[in-house]
Amino acid sequence: TLKQQPADKILALVQMYRDDPRDNKVDLGVGVYKDATGLTPVMRAVKAAELKLWETQDTKVYTGLAGDPAFGDAMVELVLGDIVPRANVAAAATPGGTGACRQAFELIQMARPDARVFVSNPTWPNHPSIIKFLGMKMAEYRYFDTATRGVDFGGLMQDLATIKAGDVVLLHGCCHNPTGANLDAAQWDQVIALLAQRGA
């Protein structure tokens, strides 16, 4: 009874690129660095870290459901520093960013079943798919201004002003997918202040 799902537009672009015989093409499909030959090289720092891990790792034992606690602690310190008390932060390893969103949505659904999840328009197609699959309420907020090729900040703020306490907003921290348009620091401050005031 499984139904064929519509093709992912971004992955379809990747395939179109591969199928294009021209030698002067540029791949703008997936936002990863590629060298002049079209390959994504492994950076020296990554190779050095892998070598260090290979030389010093003494076990491959299962780390538990949330992943390696030391890695979680290091990531929390790297990302948040001392902005939030560590006791107020939970960390869990996930299978990629989409896996993290899926786990977060399920947690939200258990903790606050009536919450609406606000997603940018447009957003990565997996986000609405997961929300719909879980049967959660979803709302969109304006994000991209096609005329300026930047963020529709006025529309975004208008739409986020409709949030009720307990609703959730999915924000792309950087490299907004699929537009690449990002909020600047002053805009982030305004979004944060609005969401805090609304109780999101």
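Diffusion coefficient (Stokes-Einstein, Kirkwood radius over C-alpha pairs, 20 °C, 1.002 mPa s) for the chain: 106 µm²/s, rounded to a whole number.
How many percent of the accessible area of the range 76-123 is carbon or sulfur, using a 1.4 Å probe?
Working: 1820 of 3110 Å².
Its accessible area is 59 percent carbon and sulfur atoms.
Accessible surface area normalised per residue over the range 65-182 is 59 Å², counting heavy atoms of protein chains with a 1.4 Å rolling probe.
On full extension, the segment bounded by Q103 and D145 gains 12.1 nm, given 0.36 nm per residue less the C-alpha separation. When the chain is treated as a Gaussian network with alpha carbon springs shorter than 10 Å, the biggest mean-square fluctuation among A185, A92, A74 belongs to A74.
What does the convex hull of the Cα atoms come to per residue for the range 128-182, in Å³? Spell out each step's value before the answer.
On the way: hull volume 5.1 nm³, N = 55.
In the range 128-182, the Cα hull volume divided by residue count equals 92 Å³.
Taking label positions 7 Å along the Cα-Cβ direction at both W54 and A165, the computed distance is 5.6 nm, reported to one decimal. Accessible surface of R102, taken over heavy atoms with a 1.4 Å probe and every protein chain present, rounds to 80 Å².
When the listed pairs K9/K34; K47/K132; K9/K132; K34/K132 are checked against a 28 Å cut-off, the alpha-carbon distance exceeds it for K47/K132; K34/K132.
Show that you can apply the helix-only estimate: for the chain, add -39,500 (n - 2.57) for every DSSP H stretch of four or more residues, divide by all residues, and state [θ] at 222 nm to the nearest 500. If you can, show how the numbers build up before the last one.
On the way: 7 runs with 82 residues, N = 200.
Taking each H run of at least 4 residues, the total per residue is -12500 deg cm²/dmol.
For the range 14-91, what is the per residue volume of the convex hull drawn over the alpha-carbon atoms, in cubic angstrom?
Values: hull volume 15.1 nm³, N = 78.
So the per-residue hull volume is 193 Å³.
Shape of the range 96-200 from the C-alpha gyration tensor: oblate (a/c of 1.5 or more and a/b not above b/c, with a ≥ b ≥ c the square roots of its eigenvalues).
How do Y33, Y17, Y62, Y143 rank by accessible surface area computed with a 1.4 Å probe, from largest to smallest? Write down the numbers at each step before the final one.
Working: Y33 135, Y17 65, Y62 165, Y143 10 Å².
Result of the area sort, largest leading: Y62, Y33, Y17, Y143.
The values are calculated or read from the model by the stated rules, or taken from the named source; none is laboratory data. On a predicted model such as this, the values are computed, not experimentally measured, just so you know. Methodologically, a virtual Cβ is constructed for each residue, glycine included, from the backbone with ideal geometry; neighbour enumeration extends over all protein chains shown. Accessible surface is based on the protein model in full, side chains and every heavy atom, while ligands, DNA and RNA are left aside. Shrake-Rupley method; radii C 1.70, N 1.55, O 1.52, S 1.80 Å.
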